[in-house]
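The structure appears below as structure tokens.
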Amino acid sequence: MKKIKELTEQDIDRIIEMAWEDRTPFDAIKNQFGISEGETIELMRRNMKRSSFKMWRARVQGRATKHAQKSPDDMIVFRSRMQRGIALNKISKK
């Protein structure tokens, strides 16, 4: 498993972007970057203002779409339109 300290600044920016997206589950972040939900939360805590982190955490807590197993059955796509060109590689194609 990849540790937070080994991530590049570009990786951290992408993880934060994915975590902010409501329909991107933590499982997708784990598959792409190798960090768990807890590590993602810790990364968010370290890289965001306290008020922004609290707002994000309150919004994400218990949200079904952030957990693949709790997501509705009809939710097939977990990527936003901005991610259209991104598969499981770590480089944005913008």
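The numbers here are math on the coordinates, done by the rules we state, and not lab data. Everything numeric in this text was worked out from a predicted model, so none of it was measured.
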Kirkwood Rh and Cα Rg combined as Rg over Rh, evaluated for the range 4-70: 0.93
Computed lengthening from D22 to K54, 0.36 nm per intervening residue step minus Cα-Cα distance: 10.0 nm
Extension gain (nm, one decimal) between E42 and Q61, 0.36 nm per residue minus Cα-Cα: 5.4 nm
